[in-house]
Amino acid sequence: MSTLHLSREVKVYVQWDNQYWQIPVLDGFSFSQSTNTSEITLSEMATSANVSRRGRKTFNDSLSPAEWSFSTYARPYVDSAKTHAVEEILWAMMTAAPLTAYNGDPDWAAPLATGNEATGLNIDFSTSNVLTAPDATIWFRFPSNDNGGSAVDIWYKLSKAAVNECAMDFDIDGITTINWSGMASKLEEVAFAASPAASGEPTLEIVAAKLNATDNFIRNRLTQLALTSSDGGGILGTYNIVLTSGSISITNNVEHVTPSSLGIVNVPLEHTLGTRTVSGSFTCYLDNSGSASADLFQDLQAASTNVQNSFALTFKVGGDTADTPRLHVACPKAMLEIPTHSIEDVISMEVNFHGLGTDIADTDEVTIKYLGA
């Protein structure tokens with residue numbers, strides 16, 4: 001009888017108001033919860049007999065918030081004339097979408113699931129100016145490796161989970177990947193009877209056929225960048241930039257408050273959402289043709305005394321062709337930093353940017369659109 005568990009067999013679920021989504025994750029996922037301790041030591045001089053007490057005691061003060069992370073592929077698909085994504089429930093957590101938006105039928109007409117095959121799945125942060133996001137639970141299922149024996153699966157439960165950050169990387173040779181990380185109030189192992197279903201697997205909101213499909217992966221090599229500005233002056237209206245790689249990160253800056261009562265191992269209270277941060281970078285070759293990267297460097301350097309600059313920046317990850325799955329990330333008011341040069345066989349540049357809202361309290365720093373093939 002084998003009592004070991006293999007990471008390649010692990011399944012991950014998100015529970016959202018008693019609805020369950022299976023999240024196909026990549027290798028390298030993690031979850032943990034640590035203990036905060038305090039140490040008391042003695043420090044005294046010697047007695048006449050050259051004796052000095054040198055002891056110490058350690059106390060458990062509180063539990064840190066549980067931390068989790070995993071990566072998924074960006075995988076849009078079309079179902080019943082609507083565009084969805086395998087991982088869209090994570091976007092619901094990220095944007096603090098109302099629980100009611102994801103209740104019931106998987107073909108719901110929800111704020112994050114509006115549109116059709118042509119207009120795509122539109123994700124924005126219009127609901128994100130709240131102090132706390134709706135509670136979600138993340139389950140990790142470690143299936144038993146006991147063929148025909150009496151061993152049972154191990155279930156780990158992350159209660160009151162929140163997405164802290166998602167980071168999209170689109171290097172030239174890869175498949176579009178989103179790295180998700182966040183926090184939860186508590187990590188615990190639960191008994192089989194307390195798992196999402198006594199049968200060992202809950203009823204899923206996305207059917208197995210969509211989870212196992214292989215025609216909804218996005219190829220990074222097809223990615224395009226649209227970069228425009230209305231600043232005027234020495235800034236051109238349009239720049240022709242051909243990417244070699246890029247990334248964008250969206251952060252909720254989640255925080256937990258933990259009591260500090262003496263004599264008690266305190267546990268974190270409910271999370272709060274901090275400042276929303278959108279930032280990223282893209283790289284390209286140093287190109288001296290018209291309106292290309294060399295002009296962008298020259299113009300940004302010449303305008304370095306300006307307090308702000310503003311560019312409309314859209315990453316068309318996977319291209320802009322109707323017969324390919326793709327993902328568009330738009331920052332309508334991005335502020336660009338002066339590019340830095342990288343001296344390699346072919347000279348290249350890296351440009352860092354910050355996605356900003358129309359006003360400091362607005363939620364339009366970034367919008368994401370999935371388009372299924």
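The values are calculated or read from the model by the stated rules, or taken from the named source; none is laboratory data. Just so we're clear, the structure is a prediction, and the values are computed from it rather than from any experiment. Cβ placement follows ideal geometry from the backbone for every residue including glycine, while neighbour counts extend to all protein chains displayed.
Worth pointing out:
- Any hit, segment 264-276, residues being closer than 25 Å to A312 by Cα, among the acidic types (D, E) and either touching a strand residue (DSSP E or B) at 6+ places or on another chain (Cβ under 7 Å) or at pLDDT below 95 (or both): no
- Looking across segment 188-235 at every residue that is in contact with a helix residue (DSSP H, G or I) (Cβ under 8 Å, 6 or more places away or on another chain), surrounded by 16 or more Cβ atoms within 10 Å (Cβ to Cβ) and within 30 Å of D299 (Cα to Cα), the one that is modelled with the lowest pLDDT is identified as I235.
- Cβ-Cβ contacts under 7 Å between residues 6 or more apart (or on different chains), taken from a first residue in segment 279-290 that is free of Cβ contacts under 8 Å to residues at least 12 places away in the same chain to a second residue that is surrounded by fewer than 19 Cβ atoms within 10 Å (Cβ to Cβ) and not in a strand (DSSP E or B), are listed as N288/A294.
- Note on segment 333-348: among residues that are part of a strand (DSSP E or B) and in contact with a strand residue (DSSP E or B) (Cβ under 7 Å, 6 or more places away or on another chain), the one that is surrounded by the fewest Cβ atoms within 10 Å (Cβ to Cβ) is H341.
- Failed criterion for D323 (all others in (1) more than 22 Å from T176 (Cβ to Cβ); (2) out of contact with any helix residue (DSSP H, G or I) (no Cβ under 9 Å at 6 or more places or on another chain); (3) acidic (D, E) hold): (1)
- Listed here are the strands (runs of 3 or more DSSP E) enclosed by segment 214-287 that have at least 1 residues being among the hydroxyl-bearing types (S, T, Y): 224-229, 243-251, 271-273, 277-285.
- Test: residue in segment 3-25 that is surrounded by fewer than 18 Cβ atoms within 10 Å (Cβ to Cβ), closer than 25 Å to G318 by Cα, hydroxyl-bearing (S, T, Y) and touching an Asp or Glu at 6+ places or on another chain (Cβ under 8 Å): no
- When each of T238, T283, T244 is tested for being surrounded by 17 or more Cβ atoms within 10 Å (Cβ to Cβ), of a type in the set (S, T, N, Q), farther than 30 Å from S159 by Cβ and more than 18 Å from the chain's Cα centre (by Cα), the lone residue that passes is T283.
- Those residues of segment 320-340 which are out of contact with any Ser or Thr (no Cβ under 7 Å at 6 or more places or on another chain), of a type outside the set (S, T, N, Q) and over 18 Å from N352 (Cα atoms), in sequence order: D320, A322, D323, P325, R326
- Residue check for F353: aromatic (F, W, Y), assigned to a helix (DSSP H, G or I) and over 23 Å from T83 (Cβ atoms): no
- Selection count, segment 356-373, where residues are surrounded by fewer than 21 Cβ atoms within 10 Å (Cβ to Cβ), among the β-branched types (V, I, T) and not in a strand (DSSP E or B): 3
- Criterion: farther than 22 Å from V152 by Cβ and in contact with an Asp or Glu (Cβ under 7 Å, 6 or more places away or on another chain) - qualifying residue of T41, T37: T37
- Scanning segment 31-89 for residues that are part of a loop (DSSP other than H, G, I, E, B) and within 30 Å of K316 (Cα to Cα) yields a count of 6.
- Residues of segment 156-172 satisfying the condition of being in contact with an Asp or Glu (Cβ under 9 Å, 6 or more places away or on another chain) and either over 14 Å from F31 (Cβ atoms) or surrounded by 20 or more Cβ atoms within 10 Å (Cβ to Cβ) (or both): K157, L158, K160, A161, A162, N164
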